[in-house]
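Take a look at the structure below.
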Amino acid sequence: MTRLYYSLCCIVFIIGLGMSILSVEFPSSTDSGEMPLAFGAGLYIAFIGILGFAASLVAQCLSALIRKINR
């Protein structure tokens, strides 16, 4: 189950990075000097993937610590 969760976090991260890279390489409007909205959205999605991964690591550490204390 954890392998599936980490895989999904990785997929979300890659999709977010892909959106950011594609928005810079293929902008939908002329260069106005502002960051494209799709770039920010892609980074936000990638950040969600990173947060999911970090939350899982924290949960695993806490679970191991609780099991060690209860022995």
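The table below lists the values:
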| read-out | value |
| --- | --- |
| Some residue of the range 28-40 being open to solvent by less than 60 Å² (accessible area, probe 1.4 Å) and of a type in the set (A, V, I, L, M, F, W, C) | yes |
| Members of the range 21-51 found to be part of a helix (DSSP H, G or I), over 12 Å from the mean Cα position of the chain (by Cα) and not charged (D, E, K, R), listed by number | ILE21, LEU22, SER23, VAL24, LEU37, ALA38, PHE39, GLY40 |
| Given (1) within 17 Å of ILE11 (Cα to Cα); (2) at pLDDT below 95, number of the condition LEU51 does not satisfy | (2) |
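Here's the yes/no breakdown for (1) aromatic (Phe, Trp, Tyr); (2) in contact (Cβ under 8 Å) with a residue 24 or more places away in the chain; (3) not in a helix (DSSP H, G or I):
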site	(1), (2), (3)
SER7	no, no, no
GLY16	no, yes, no
PHE53	yes, yes, no
ILE66	no, no, no
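The values are calculated or read from the model by the stated rules, or taken from the named source; none is laboratory data. Since this is a predicted model, take the numbers as computed values, not measurements. So basically every Cβ, Gly included, is an ideal-geometry build from the backbone, and we count neighbours across all protein chains shown. Please note that ligands, DNA and RNA were not included when accessible areas were found on the heavy atoms of the full protein model with its side chains. Shrake-Rupley method; radii C 1.70, N 1.55, O 1.52, S 1.80 Å.
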